[in-house]
Amino acid sequence: MVKAVVTGAGGRMGGRIISLMEAEEGIDLAAAVERGDHPAIGRDVSEILGLGKRGVAIESDFSDCVSRGDVAIDFTSHAASLQNLRFAVQHGKPMVIGSTGFSPEEMEEIRDLTGNVPCVLAPNMSVGVNVLFKVIRTVAEILGDDYDVEILEAHHHLKKDAPSGTAMKMAHIIAEALGRDLDEVGIYERKGLIGERPRREIGIQTLRAGDIVGEHTVLFGAVGERLELIHRAHSRDNFAKGAIRAAKWVVEQKPGLYDMQDVLGLRT
């Protein structure tokens with residue numbers, strides 16, 4: 001039985017992970033963590049989620065809680081996740097991180113820290129999205145420079161980072177497949193008399209509205225036709241299920257930085 005510490009327990013993702021863990025074999029909740037000023041601190045986590053009391057109160061000190069579990073699952077913010085990873089390394093505990101928005105400097109520290117513990121870091125833990133990651137690489141390689149590439153993502157109005165981590169992952173995959181540097185060809189906004197579209201440009205556009213869970217479209221367009229690959233998330237459950245699957249997988253791995261391609265056996 002894998003014992004998991006879940007951060008962001010009072011949030012949308014943390015709550016779904018804990019709820020779905022109730023019915024998942026081979027994993028159980030060891031501790032639940034939230035930021036210190038959260039109104040749920042001290043309350044039974046299952047009571048808050050409408051599951052009835054089970055004796056696990058939400059706490060604020062991750063550095064204390066992490067030692068009680070075999071793995072930590074973290075969907076908070078880039079800064080909080082990095083701090084939590086530092087504590088996890090001190091205790092020799094694996095992590096699953098679903099936060100996005102890490103800076104290049106933060107990613108460099110994450111790579112260094114995961115030389116000591118195994119960690120799954122993925123902008124999107126949906127099985128469907130990770131299959132799409134694999135598919136778009138193949139499509140880009142086949143179509144090559146004859147097709148324009150556009151990526152459109154839509155999320156709820158509470159999402160703080162843009163473009164989404166998933167959209168950026170897609171852009172990096174396609175740029176790599178086409179032999180391009182995304183820093184040079186990525187376009188994130190268009191306005192005014194912009195002129196003819198450069199052939200090597202990769203457009204990444206963002207929508208924020210209402211309660212959209214997450215939608216991503218990759219468009220390959222040429223004269224006379226276009227190919228669109230779309231993923232729509234109907235709920236957060238697919239992300240939560242992926243995180244639980246990653247947690248059960250990562251406890252058996254050697255130290256290193258992994259993503260869902262590794263968890264799902266899609267790495268080529």
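Data for the structure
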read-out	value
Search result, residues across the stretch 1-18 that are modelled with pLDDT of 90 or more, open to solvent by 10 Å² or more (accessible area, probe 1.4 Å) and over 17 Å from the mean Cα position of the chain (by Cα)	1, 2, 3
Residue within the stretch 109-120 that is open to solvent by 40 Å² or more (accessible area, probe 1.4 Å), small (Gly, Ala, Ser) and under 22 Å from residue 236 (Cβ atoms) present	no
Yes/no for residue 102 being at pLDDT below 95 and touching a strand residue (DSSP E or B) at 6+ places or on another chain (Cβ under 8 Å)	no
Boolean, residue 74 is surrounded by fewer than 22 Cβ atoms within 10 Å (Cβ to Cβ), among the charged types (D, E, K, R) and either without any contact (Cβ under 8 Å) to a residue 24 or more places away in the chain or under 24 Å from residue 172 (Cβ atoms) (or both)	no
Test: residue 208 is modelled with pLDDT of 95 or more, in contact with a helix residue (DSSP H, G or I) (Cβ under 9 Å, 6 or more places away or on another chain) and open to solvent by 20 Å² or more (accessible area, probe 1.4 Å)	no
Enumerated strands (runs of 3 or more DSSP E) restricted to the stretch 195-268, each holding at least 2 residues that are under 16 Å from the mean Cα position of the chain (by Cα)	214-222, 225-233, 256-258
Matching residues, the stretch 47-66, being closer than 29 Å to residue 92 by Cβ and within 24 Å of the chain's Cα centre (by Cα)	58, 59, 60, 61, 62, 63, 65, 66
Answer residue from the stretch 121-150, given it is touching a Gly at 6+ places or on another chain (Cβ under 9 Å), of a type outside the set (Ser, Thr, Tyr) and under 16 Å from residue 259 (Cα atoms) and is surrounded by the fewest Cβ atoms within 10 Å (Cβ to Cβ) among those	127
When residues of the stretch 177-191 are limited to those that are of a type outside the set (Asp, Glu), under 20 Å from residue 152 (Cβ atoms) and not in a helix (DSSP H, G or I), the one most open to solvent (accessible area, probe 1.4 Å)	191
Number of positions in the stretch 148-162 that are outside any strand (DSSP E or B) and at pLDDT 95 or above	2
Checking residue 184 against (1) under 21 Å from residue 226 (Cα atoms); (2) modelled with pLDDT of 95 or more; (3) charged (D, E, K, R), the condition it does not meet	(1)
The stretch 80-91 residues that are in contact (Cβ under 8 Å) with a residue 60 or more places away in the chain and of a type outside the set (A, V, I, L, M, F, W, C), paired with ones that are open to solvent by less than 40 Å² (accessible area, probe 1.4 Å) and assigned to a helix (DSSP H, G or I) (beta carbon under 8 Å, 6 or more apart)	84/62; 84/66
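The values are calculated or read from the model by the stated rules, or taken from the named source; none is laboratory data. On a predicted model such as this, the values are computed, not experimentally measured, just so you know. Please note: Cβ atoms are built from the backbone with ideal geometry, for glycine as well, and neighbour counts cover all protein chains shown. Ligands, DNA and RNA are excluded from the accessible area calculation, which covers all protein heavy atoms including side chains. Shrake-Rupley method; radii C 1.70, N 1.55, O 1.52, S 1.80 Å.
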